[in-house]
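Visitor: For reference, the structure I am asking about is given below.
The values are calculated or read from the model by the stated rules, or taken from the named source; none is laboratory data. Values in this document were obtained by computation on a predicted structure and should not be read as measured data. Glycine gets a Cβ as well: all are built from the backbone with ideal geometry, and neighbour counts include every protein chain shown.
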Amino acid sequence: MNDSMSLAVVGATGLVGAAVVDLLATRQFPLSKLFLVASSESVGSTVQYGGKHQRVIDLAKFDFAQVQLAIFCVPAQVAAHYVPLARRAGCTVIDHSSEFRLDPSVPLIIPEINADLLETQTPGMLIACPEAACTQLILAIYPIYQAVGIKRVDVTTCLPVSHIGRAGVEELSNQAISLLNLKELKTTYFHQPVAFNLILQSPQSPNRAALSEDGMLEQTQKILHDTTFTLVSWQLQAPVFFGTSQVLSIETRGKSPVNEVYGWYQDKAYSEVSRSDELSPSAVTHAAQQDGLYLGRVHALPLPLQGVGMWSVADNIRRGAALGSVQIAEILVKGHL
Ligand SMILES: NC(=O)c1ccc[n+]([C@@H]2O[C@H](COP(=O)([O-])OP(=O)(O)OC[C@H]3O[C@@H](n4cnc5c(N)ncnc54)[C@H](OP(=O)(O)O)[C@@H]3O)[C@@H](O)[C@H]2O)c1
């Protein structure tokens with residue numbers, strides 16, 4: 001069994017990478033050596049780990065033979081190029097990008113759901129993490145899925161601007177400032193103004209929205225290892241910085257009385273469910289900067305439907321992404337790598 005591990009966080013200057021570094025420190029991950037890697041533009045800058053500043057290394061010059069594990073938090077096209085190089089150097093990779101998620105040879109892992117797939121892994125393997133909204137959806141429906149089975153899920157996801165990274169946060173900030181100062185808005189990363197607006201994901205290219213929403217179904221089916229349920233998904237771009245909100249209608253195979261549903265979540269440490277008479281959680285007040293999943297307004301679907309509706313919020317960066325890869329690393333360090 002390994003006691004500690006040498007690890008690289010690739011994309012350590014980005015939103016997900018910074019959260020991974022923070023979680024490694026706060027969860028006291030047993031590191032023998034930590035390398036913080038990003039693009040050549042970040043060379044000369046530092047990232048804090050456990051209160052100490054550490055220099056950023058250029059990905060193009062990084063030797064992956066120095067580390068046992070790399071957590072990749074970079075755009076898909078960068079992962080496509082460097083993940084194979086890292087693996088060829090014998091380094092195990094956990095990847096947050098969309099590049100390998102649906103590759104049948106790559107396990108797609110949410111530790112609370114299918115960590116058993118990690119039992120048969122070897123050094124140099126690749127593990128993918130799902131889209132943040134997909135992780136949130138699966139964690140929310142899983143107790144019901146386990147208890148009585150699911151026929152169909154309808155989900156409307158309101159994505160925060162940070163789901164596209166730092167650039168999204170900057171664009172909303174700049175647009176909000178411009179609007180309040182009666183200046184012209186600049187839209188670069190979103191195809192329509194996002195400040196004080198709600199926009200359908202990528203309507204300029206109609207197929208893209210559908211593809212992203214289909215990706216949610218494919219990832220969910222892959223993780224649950226089940227193709228017998230239907231998932232109808234809409235994704236909206238909300239003017240929120242951090243935290244994804246989802247409205248869920250879950251048609252169940254067996255009976256799912258609301259009082260029993262509360263009980264199904266009781267032993268799930270990752271979720272907090274508020275009773276229907278309590279104020280529903282929101283992305284900003286409950287989820288942002290937190291590691292939990294917050295559910296509210298659990299109610300019976302109208303007859304003749306059998307099932308429950310609910311509302312779910314979670315931090316896309318921490319709960320949706322970074323926590324999963326750190327939990328996977330914790331499993332690997334305990335003996336499977
Ligand atoms: N944001 C989310 O909610 C979320 C959730 C789940 C998964 N993901 C995925 O996680 C990944 C990172 O997302 P993010 O939100 O953290 O993005 P981000 O804030 O834009 O950060 C991107 C990171 O990638 C690095 N990078 C970009 N191009 C590079 C290159 N050519 N060579 C080396 N490093 C490069 C950047 O380094 P520099 O600072 O040097 O440019 C930065 O550290 C993406 O694949 C994303 O799809 C994001």
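Visitor: Filter the range 68-84 down to residues that are surrounded by 14 or more Cβ atoms within 10 Å (Cβ to Cβ), more than 8 Å from the ligand (Cβ to nearest atom) and not in a loop (DSSP other than H, G, I, E, B), then give me how many there are.
Guide: Qualifying residue count, the range 68-84: 5.
Visitor: In the list 188, 122, which residue meets the criterion of being within 16 Å of the ligand (Cβ to nearest atom), modelled with pLDDT under 95 and outside any strand (DSSP E or B)?
Guide: Checking each option against the conditions leaves just 188.
Visitor: Can you name the residue in the range 1-44 that is of a type in the set (D, E, K, R) and either under 17 Å from residue 95 (Cβ atoms) or exposed (fewer than 15 other Cβ atoms within 10 Å of the Cβ) (or both) and is also farthest from the ligand (Cβ to nearest atom) among such residues?
Guide: Ranking the qualifying residues of the range 1-44, first place goes to 3.
Visitor: Can you tell me which residues in the range 45-57 are farther than 15 Å from residue 326 by Cα and either of a type in the set (Lys, Arg) or more than 13 Å from the ligand (Cβ to nearest atom) (or both)?
Guide: Those that are farther than 15 Å from residue 326 by Cα and either of a type in the set (Lys, Arg) or more than 13 Å from the ligand (Cβ to nearest atom) (or both): 48, 50, 51, 52, 53, 54, 55.
Visitor: Would you be able to say whether some residue in the range 126-142 is in a helix (DSSP H, G or I), hydrophobic (A, V, I, L, M, F, W, C) and modelled with pLDDT under 95?
Guide: No, the conditions are met nowhere in the range 126-142.
Visitor: Taking residue 53 as meeting all but one of (1) out of contact with any Phe, Trp or Tyr (no Cβ under 8 Å at 6 or more places or on another chain); (2) assigned to a loop (DSSP other than H, G, I, E, B), write down the number of the exception.
Guide: In the conditions (1) out of contact with any Phe, Trp or Tyr (no Cβ under 8 Å at 6 or more places or on another chain); (2) assigned to a loop (DSSP other than H, G, I, E, B), residue 53 misses (2) alone.
Visitor: Could you check, for the range 94-106, whether at least one of its residues is within 14 Å of the ligand (Cβ to nearest atom) and in contact with a Pro (Cβ under 7 Å, 6 or more places away or on another chain)?
Guide: The answer is yes; a qualifying residue exists.
Visitor: Look through 162, 173 and report the one residue that is more than 30 Å from residue 305 (Cβ to Cβ), of a type in the set (Ser, Thr, Tyr) and in contact with a helix residue (DSSP H, G or I) (Cβ under 6 Å, 6 or more places away or on another chain).
Guide: Testing whether each residue is more than 30 Å from residue 305 (Cβ to Cβ), of a type in the set (Ser, Thr, Tyr) and in contact with a helix residue (DSSP H, G or I) (Cβ under 6 Å, 6 or more places away or on another chain) leaves just 162.
Visitor: Now for a separate question. Is it the case, given these coordinates, that residue 172 is over 30 Å from residue 332 (Cβ atoms), more than 16 Å from the ligand (Cβ to nearest atom) and surrounded by 15 or more Cβ atoms within 10 Å (Cβ to Cβ)?
Guide: no
Visitor: Here is a check on your reading of the model: is residue 294 crowded, with 23+ Cβ neighbours inside 10 Å and not assigned by TED's automatic domain parsing to the domain that holds residue 27?
Guide: yes
Visitor: Name the pairs: first residue in the range 16-35 and basic (Lys, Arg), second residue more than 15 Å from the ligand (Cβ to nearest atom), Cβ to Cβ under 7 Å, at least 6 apart or on different chains?
Guide: Pairs that qualify, where the first residue is basic (Lys, Arg) and the partner is more than 15 Å from the ligand (Cβ to nearest atom), are 33/6.
Visitor: Under 7 Å by Cβ, and 6 or more places apart or on different chains, what pairs join a residue from the range 295-308 that is touching a residue at least 24 places away in the same chain (Cβ under 8 Å) with one that is exposed (fewer than 15 other Cβ atoms within 10 Å of the Cβ) and part of a loop (DSSP other than H, G, I, E, B)?
Guide: 298/276; 299/276; 306/255
Visitor: Let me ask something additional. Only one residue in 60, 65 is over 25 Å from residue 242 (Cα atoms) and either within 11 Å of the ligand (Cβ to nearest atom) or surrounded by 15 or more Cβ atoms within 10 Å (Cβ to Cβ) (or both). Which one?
Guide: Among 60, 65, only 60 is over 25 Å from residue 242 (Cα atoms) and either within 11 Å of the ligand (Cβ to nearest atom) or surrounded by 15 or more Cβ atoms within 10 Å (Cβ to Cβ) (or both).
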